[in-house]
1. Kindly write out, for the range A:219-231 in residue order, the coupling ³J(HN,Hα) from the Karplus curve 6.51 cos²θ - 1.76 cosθ + 1.60 (θ = phi - 60°), rounded to whole Hz, with x marking Gly and Pro.
2. Cα axis of helix B:219-238 to longest principal axis of chain B: angle in degrees, 0 to 90, nearest 10?
3. Rounded to the nearest 20 debye, what is the charge dipole size of the range B:2-155 about its Cα centre when +1 sits on each Lys and Arg Cβ and -1 on each Asp and Glu Cβ?
4. Sequence gap at least 6, Cα distance under 8 Å: using those rules, report the relative contact order of chain A to the nearest whole percent.
5. To the nearest 20 debye, what charge dipole does chain A have about its Cα centre, counting +1 at the Cβ of each Lys and Arg and -1 at the Cβ of each Asp and Glu?
6. For A:Gln105, list long-range residues whose amide hydrogen, built 1.01 Å from N in the peptide plane, is under 5 Å from its own amide hydrogen.
7. Could you work out how much longer the chain between A:Leu250 and A:Lys237 gets when fully extended? Use 0.36 nm per residue separation minus the Cα distance between them, nm to one decimal.
8. How much mean residue ellipticity at 222 nm does chain B get from its helices, if each DSSP H run of length 4 or more adds -39500 (n - 2.57) and you divide by all residues, to the nearest 500 deg cm²/dmol?
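Here, each number is a calculation from the coordinates, and none is a lab measurement. Only a predicted model underlies this, so the values are computations on that prediction, with no experimental measurement involved. Quick reminder, even Gly has a Cβ in these numbers, built from the backbone with ideal geometry, and neighbours come from all protein chains shown.
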Amino acid sequence: MIAVTHVTFAGFLGFLAGLTPQKAALLGLGALLPDLDHPRSFLGRAFFYVSIPLHHFLGHRKAFHGFPLWIAFTALGYFKPEIYLVGLGAISHILLDCWNISGVQALEPFSERVLVLFSRKYRIATGSSTEYILLICLLFLTAGTTKVNAIGGFRGLVAYITASPKIALQQYKSKGPEICYLSGKLRWKNGEIEQISAQIVGLEGFNGVALRLDDRLVHVPAQANLLKARLKCSGQKYETLRLTGFAKTLTEAYFFDGKAWRFAKPENYVFGQILGSKLSLEMIEIDGESHL
Amino acid sequence: MWRQIGLIGRDKLLKQELYWRLKKRVSFALIGPAGVGKTALLEWCFDHAKEPKVFLSSSHTVRENLQAFCKALDLQLIDNKGKKIAISRATVNQLEQACLKVSDVLIFIDDFERSTPSWIRRLKLFAERHVLIVATRPKIKEDLKPLMWGMSEINIMPLEKKYRQKLAFAFCNHLGSATSIKEIATKSRGYPARMLAQAKGEASLNSMKVEGEELDISPLLLLAIACLVAVRYVAIGLNETDLYVLGGIGAAIGLFARFMLYRGMK
């Protein structure tokens, strides 16, 4: 396989796993490394002072293309994660090279068996037209996976396509106190269906959620049901506070009364678990005793 | 000549495995891929065995083999009228009758895997009366397997690395070849016949792949599909619907793609 195919394949695998472009680039670099044992390869031409001796002593697609070497190299990633990615890139190179007609002696120096993928008829010659078709397919797939990555990988893609409220709530549970929004369809108890885009306040009950719609709170499923929902997270977090007594809030805040979430406008009283964007509470005194 | 050169690096095998078997006249089989040096070893065995002995090949016709058998043992052929017949003029039946009259002959058979059904029938008769010593490739017909029962199987491995250079040097010296000795030694991967072909300049690297040398790792892809199927059940355990859907889609694609994999693996 030519260098571009190796890099594209490694990049594709990286994007598939949801890596950032920087990390995928490390994988791509790793995918170039094993071909250092050939003086006419992409890296071999640049670093001829390395590749010529390597080719002389080890030969092409032998020990330097071996699983023993690169698995040991990958294990060094325990100390530095970048090495881990480079090693994985090199292993992807070996696996793809097995699809070559000549195969790879990838168990060298322990065995001389030639590892191949598929029977001879279904293998690809280096630089052949079949390889360019494979390269074009890989390029399209890589471009596709970068788009998929933007919406949270393949799991995000499933959530986006199905727009299932169940998946959206499961995703929300794993987000912690992050401020997230739900967009989708709501079915009120009277049967009306409304397209909404609402901020999530918090979870309540067994499978319920409290949404802030305009200036009020909607309790799902007590007041309405979600038909379709997609989750979008802002990246900001709620400030949280737990009160043992009462306090007066100076900003908008939400509090959990033990059964459901409540909304408190400024100058209202709050108690229990408090959530808000910029919390500011005022102590109140009853009979000279602090209740904060 | 190069049959003898081809024995370089086989000293241990000759001393420990073959020589005592020949002395005791025990039946055995040399098994190995094409070009590994089975025939050279078998010829060495033939040279060092005691009479009576015959060297046959399953790639010859039955008639040729029976004639060779009769010639080697100098058998007298007599027809039903009591007249002598020349070996070259005798029928296959007459030859066979003569061969079955003798016993305890060491029969060396080359290319054993290429035996035809009519030759296998004669081999079965021979196996009861004589001692068979055969050279064969690893994959043999089902019909031949009963003949191998009780034979000790000696696997011939490619030459060890330390002997390759020596053998390549011997070949190049013998042929006066200008090819690089080191290149021949490394590229042959320990197959003497391949070394010879390279020293003669007859073969390129790619045309010399031998069956059994390659290891197909495509079953690993089947393992990957199995993992995709497993993802679904893991997702049920984790109570994650999106992973469940993804595992289901993956399993569906994998179960379809597996037919293509089977095709490629053949």
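1. Ordered by residue, 3J(HN,Hα) equals 9, 9, x, 5, 9, 7, 10, 8, 8, 9, 8, 10, 9 Hz.
2. That helix lies at roughly 30 degrees to the long axis.
3. Details: 27 positive and 17 negative charges, 44 e Å.
Computed charge dipole of the range B:2-155: roughly 220 debye.
4. RCO, chain A: 12 percent.
5. 1000
6. It is A:Leu115, by chain and number.
7. Full extension of this stretch gives 2.8 nm more.
8. Per the formula, -15500 deg cm²/dmol.
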